[in-house]
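Q: Dropping the structure in here first, questions after.
The values are calculated or read from the model by the stated rules, or taken from the named source; none is laboratory data. Keep in mind it's a predicted model, so treat the numbers as computed, not measured. Positions of Cβ are backbone-derived with ideal geometry, glycine not excepted, and every protein chain shown enters the neighbour counts.
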Amino acid sequence: MKVALIGNPSVGKSLIFNQLTGIGVEVSNYPGTTVELKGGSTCYQREMIDIVDFPGIYSLDGTSEEEELVRTFLLEGKADAAIVVMDATRLERNLYLLLQLAEFGIPMIAVLNMIDEMEKAGLEIDTTALEYQLGIEVLQTAASKGRNIEKIIPLVRSSARPATLTVPYDRSVEAAVRTLEKTLGAGRTESLWALQGIKKDFALFEAASAITEQIEARHRMTIQQIIAANRHNYARTIADRVIKKREARKRFDLDQLLMGTIPGIPILILVLLSILLFVFIVGAFLEETIVEAFQILLIDPLLGLGLPPLVETIALSLAIALQAGLGIAFPFVFIFYILLSILEDTGYMTRAAFLADNAMHRVGMHGGAIIPLILGLGCNVPAVMGLRNLTSRREKIIGAFLITMVPCSARTVIILGIVAAFVGILPALTIYLIVFLLITATGLLLSRFTPGEQFGMILEMAPLRLPQAELVIKKSWMRMQEFLFIAMPMLLVGSIFLGLFELFGITAMFEELIAPFSEGVLGIPSYATTALLFGILRKEMAFEMLAILGGTANLSAIMTSLQLYIFALVSVLFVPCVSTIAVLFKEMGGRITAAVTFYTVGLGIIIGALVNLIFG
Amino acid sequence: MRLSQREDCLEALYTIVSESEKAVRLADLSRELQMSDEEIQAILDELEQQGHIARLAGGDVVLTDTGRELGEGVFRKHRTLECFLTEMLGMDADKASQEACRLEHDVSDETIDRLSLYICDSCPGAYRWGRKRERKPAEEGMQSLLDFSEGDELSVVSVCGPGWRRRLIDLGIVPGQSISLKRKLRNRSIVVRVKHCDVALSPEIARSIFVEKRT
């Protein structure tokens, strides 16, 4: 049996999916978290139940990628049943999607999620009345507390059935549906789609558009507006009948503060800055502790053993890689992910988008684009995937350039581990400032020259919530796994190879080759440039490899402050990492990817050379 | 030569051909169309030029493949509209047929023109940076969301701009819907409350939503 989880964005589908299947899916409190189908399965009474988690959608009639995806899936009859997840505090708006889904005639149940929040808001929904109105079973749940989640599958199994409701449409729409039924034998649902201009069957589409013109002339509205208004009205009728009380409890509205120019924008800047500072301070403390521990417990004893050179090189390479990976990257990356997860779960991201809308227009995008940009602070890869939520190609191109310039957590590792640790916190912050200025300049430039249209922002504000520690940790850990299981092995292997190259003198040859450029242009030793190249694989590897190639984690012993600063600046700016390049290629195609890559390489080298020229 | 006449002619040819599967005589055609032979000849000349028909020796007419296709299309549209009018108005079939016959050609021109007045499809689809221009409301006296201030209780009158109309509709911003203007920044980004949800809008989108004060 295959069951589809369908609902508006941010209603808790992914959280329910996680609890039903035990598979990790990222959950966030802003629209557009799930961009692809996620499948999982669970066993119930010895039967395998496949569950599909769809991206959150507002409508089944739209033409956006997600809407198309869900519609096609349902049309092809791939789902045996549907679970419609609704936010109980936003019942009326959520019912709109359910009314559309009802027309597909697939068996379903409705899940009223977030009843804990509904109760807090002083609302009560009469489930029995709602069941009567819809003709399907309704279950009240609170996914964040795990309440009633275990009842979902048994209920789908036993009593999912097609909804019995029919939306009463405008007289002319009903007449049109009857006409298409009579002349072409089309069903009600297909007729409604054809009337709204969704092309499936050509003859039906043609006939429908002739009628549509008639109806629109009469109503002075587009047919989409007529049909949608009918559904919205019916949703309101149902909501009015089942919502028992709406106590207008006067609560302090935090949005009054968060969404005004003052103090909203200072708060936004403060939030972003304090994230960076927190990572700086706590990360640095953890880093020192762990690096120290590795040195005393692993590396020093190893050197004391007196092993044969080949074995010692390999063992030492492994130990240093472990020290660099776990000791340096881990604390920073993990703390960053935790902070970003907290930020996401509070629903603050959508406020940031609103506040930034005007500024983002100046760099050729709208406020919604600030979300991938902030996410880019964690990792560029999901941020680039988030570009899909932008409407036009122009916005996507600009977004692709800007996101890949955002210093991700791996680059933060470099800034912190090198500049903050050995040069100072203030110089570290200047790197952020330089990058920020470069991003702004790039945006201003691109918005002038990128062809295409620009669309404005239409963004639902996610409800403000107190993030739950357990969920935050879980999500951060999930993102962390990528680092532990993909980056760490790469680092270990790379480190061993480097150790062997060093032993056989290959490194020296390469360094000799690159020395004129490295020392002449950037003013850094040639082994540092070698380390820079490793940054292409994973950004933080540049730093780790520098430690390995330099033979010590105490970098101030081998390079001057300026050299360290330039090294960090160049590696932060130049070339997105391999994973980012790959996902860019997938989302944007080869030309844009190449352009972004060349642009960032050039920028990194030019800025590095400039700093060297001025201060060197 | 009017498009509608050519379409009429094609439809007539199509109906006659589909009944008899033979070449069509001019006399049959003039009876069906109730037009003079000269008029019909003129239309046929044009259709022949466009490659929709071919003339046989003796003046009989056959439809080419494209002609047949076009004729069928007109025929189908005609039947659909006829049925729709019957359904809609309870008109008797004959009257509906006449009406439909007139409508089938005119829908694409007149009606659309009238239509676009209301739904302002003529509004530029997007906002371009660098060329800021003040857009006038589609009709005199209409006020957009930007003309109101924080806390106003409003009702949507119309929404224009094809690019983003769909999402607005799905969020419930449709004509007749009550909304309240929850926040308006000095840079004119706004938040409206609709169906108990807050929706943030860019100024250029707010400008395309026409509203009136709720009483």
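Q: Restrict the check to region A:96-117 and report whether at least one residue is on the phi > 0 side of the Ramachandran plot and within 14 Å of chain B (Cβ to nearest Cβ).
A: yes
Q: Of a type outside the set (A, V, I, L, M, F, W, C), assigned to a loop (DSSP other than H, G, I, E, B), surrounded by fewer than 16 Cβ atoms within 10 Å (Cβ to Cβ) and free of Cβ contacts under 8 Å to residues at least 40 places away in the same chain - does that describe any residue in region A:231-252?
A: First, pick out the residues of region A:231-252 that are of a type outside the set (A, V, I, L, M, F, W, C): A:231-234, A:236-237, A:240-241, A:244-247, A:249-251.
Now drop any that are not assigned to a loop (DSSP other than H, G, I, E, B), which leaves A:247, A:249-251.
If we keep only those that are surrounded by fewer than 16 Cβ atoms within 10 Å (Cβ to Cβ) as well, we get A:247, A:249-251.
Among the residues that remain, those that are also free of Cβ contacts under 8 Å to residues at least 40 places away in the same chain are: A:250-251.
Yes, region A:231-252 has at least one match.
Q: Sticking with this structure for a sec: Does A:ARG362 satisfy the condition of being among the charged types (D, E, K, R), over 19 Å from the mean Cα position of the chain (by Cα), within 14 Å of another protein chain (Cβ to nearest Cβ) and surrounded by fewer than 20 Cβ atoms within 10 Å (Cβ to Cβ)?
A: yes
Q: Looking at region B:69-86, I want the residues that are facing another protein chain (nearest Cβ under 10 Å) and have a partner that is of a type in the set (Lys, Arg) with Cβ atoms under 8 Å, at least 6 apart or on another chain. Which pairs are those?
A: B:CYS83/A:LYS182
Q: Give the number of residues within region B:16-35 that are touching a helix residue (DSSP H, G or I) at 6+ places or on another chain (Cβ under 7 Å) and either of a type in the set (S, T, N, Q) or in contact (Cβ under 8 Å) with a residue 24 or more places away in the chain (or both).
A: 5
Q: Then there is this: Provide a single number: the residues in region A:546-569 that are without any contact (Cβ under 8 Å) to a residue 60 or more places away in the chain, outside any loop (DSSP other than H, G, I, E, B) and more than 23 Å from A:LEU377 (Cβ to Cβ).
A: Matching residues across region A:546-569 total 5.
Q: Mind listing whichever residues of region A:285-305 are in contact with a helix residue (DSSP H, G or I) (Cβ under 6 Å, 6 or more places away or on another chain) and at pLDDT below 85?
A: Across region A:285-305, the qualifying residues are A:GLU287, A:VAL291, A:ILE299.
Q: Here is a further query. When the residues of region B:165-211 are narrowed to those that are in contact with a helix residue (DSSP H, G or I) (Cβ under 6 Å, 6 or more places away or on another chain) and in a strand (DSSP E or B), which ends up farthest from the other protein chains (Cβ to nearest Cβ)?
A: B:VAL211
Residue-by-condition table, conditions (1) of a type outside the set (Val, Ile, Thr); (2) assigned to a helix (DSSP H, G or I); (3) more than 37 Å from the chain's Cα centre (by Cα); (4) at negative phi:
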| position | (1), (2), (3), (4) |
| --- | --- |
| A:GLU512 | yes, yes, yes, yes |
| A:ALA515 | yes, yes, yes, yes |
| A:VAL521 | no, yes, yes, yes |
| A:GLU540 | yes, yes, no, yes |
| A:SER571 | yes, yes, no, yes |
| A:PHE585 | yes, yes, no, yes |
| A:LEU610 | yes, yes, no, yes |
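Q: Taking interchain pairs and intrachain pairs at least six residues apart, which have beta carbon atoms under 8 angstrom, with the first residue in region A:175-203 and within 14 Å of chain B (Cβ to nearest Cβ) and the second of a type in the set (A, V, I, L, M) and not in a helix (DSSP H, G or I)?
A: Within 8 Å, the pairs are A:LEU180/A:ALA186; A:ALA194/A:ALA186; A:ASP201/A:ALA186.
Q: Hey, another quick one. Tell me which residues, restricted to region A:125-177, are among the polar types (S, T, N, Q) and out of contact with any Lys or Arg (no Cβ under 9 Å at 6 or more places or on another chain).
A: Hits for region A:125-177 are A:THR127, A:THR128, A:ASN148, A:SER158, A:SER159, A:THR164.
Q: Check A:THR141, A:THR89 and return the single one that is farther than 22 Å from A:ASP61 by Cα, within 14 Å of another protein chain (Cβ to nearest Cβ) and hydroxyl-bearing (Ser, Thr, Tyr).
A: Matching residue, one of A:THR141, A:THR89: A:THR89.
Q: Considering only region A:461-473, I want to know if a residue exists there that is free of Cβ contacts under 8 Å to residues at least 40 places away in the same chain and either touching a Pro at 6+ places or on another chain (Cβ under 9 Å) or closer than 17 Å to A:LEU573 by Cα (or both).
A: Initial filter on region A:461-473 (free of Cβ contacts under 8 Å to residues at least 40 places away in the same chain): A:469-470.
If we keep only those that are either touching a Pro at 6+ places or on another chain (Cβ under 9 Å) or closer than 17 Å to A:LEU573 by Cα (or both) as well, we get none.
No - not one qualifying residue is present in region A:461-473.
Q: To continue, here is another question. Every residue in region A:165-203 that is β-branched (Val, Ile, Thr), in a loop (DSSP other than H, G, I, E, B) and surrounded by 15 or more Cβ atoms within 10 Å (Cβ to Cβ), please.
A: Answer for region A:165-203, where residues must be β-branched (Val, Ile, Thr), in a loop (DSSP other than H, G, I, E, B) and surrounded by 15 or more Cβ atoms within 10 Å (Cβ to Cβ): A:VAL167, A:ILE198.
Q: Another one. Only one of these is of a type in the set (Ser, Thr, Tyr) and under 23 Å from A:LEU491 (Cβ atoms): A:THR222, A:THR237, A:THR289. Name it.
A: None of the others qualify; the one that does is A:THR289.
Q: Out of A:LEU426, A:LEU402, A:LEU433, report the one residue that is crowded, with 22+ Cβ neighbours inside 10 Å, farther than 24 Å from A:PRO463 by Cα and either away from chain B (no Cβ under 14 Å) or among the aromatic types (Phe, Trp, Tyr) (or both). Before you say what the answer is, go through the steps one by one.
A: Numbers: A:LEU426 fails: crowded, with 22+ Cβ neighbours inside 10 Å; A:LEU433 fails: crowded, with 22+ Cβ neighbours inside 10 Å.
Of the residues listed, the single one that is crowded, with 22+ Cβ neighbours inside 10 Å, farther than 24 Å from A:PRO463 by Cα and either away from chain B (no Cβ under 14 Å) or among the aromatic types (Phe, Trp, Tyr) (or both) is A:LEU402.
Q: Sticking with this one: For residues in region A:114-136 being farther than 13 Å from A:LEU98 by Cβ, of a type outside the set (Val, Ile, Thr) and outside any helix (DSSP H, G or I), which is farthest from the chain's Cα centre (by Cα)?
A: Among those residues, the one meeting the criterion is A:ASP126.
Q: Sticking with this structure for a sec: Is there a residue being more than 23 Å from B:ARG207 (Cβ to Cβ), away from chain B (no Cβ under 12 Å), crowded, with 24+ Cβ neighbours inside 10 Å and without any contact (Cβ under 8 Å) to a residue 40 or more places away in the chain anywhere in region A:380-397?
A: yes
Q: Quick one: A:PRO407 ticks every box in (1) modelled with pLDDT of 85 or more; (2) assigned to a helix (DSSP H, G or I) except a single one, so which number is it?
A: Condition not satisfied by A:PRO407: (2).
Q: Within region A:424-506, considering only helices (runs of 4 or more DSSP H) that don't extend past its boundaries, which have at least 3 residues that are within 24 Å of the chain's Cα centre (by Cα) and modelled with pLDDT of 85 or more?
A: Details: elements: A:425-449, A:469-482, A:488-504.
Because the criterion is at least 3 residues that are within 24 Å of the chain's Cα centre (by Cα) and modelled with pLDDT of 85 or more, the helices (runs of 4 or more DSSP H) in region A:424-506 that meet it are A:425-449, A:469-482.
Q: Here is a follow-up. Checking A:GLN224 against (1) under 30 Å from B:CYS197 (Cβ atoms); (2) in contact with a Ser or Thr (Cβ under 9 Å, 6 or more places away or on another chain); (3) buried (at least 19 other Cβ atoms within 10 Å of the Cβ); (4) within 14 Å of chain B (Cβ to nearest Cβ): exactly one of these is not met. Which one?
A: Unmet for A:GLN224, out of (1) under 30 Å from B:CYS197 (Cβ atoms); (2) in contact with a Ser or Thr (Cβ under 9 Å, 6 or more places away or on another chain); (3) buried (at least 19 other Cβ atoms within 10 Å of the Cβ); (4) within 14 Å of chain B (Cβ to nearest Cβ): (2).
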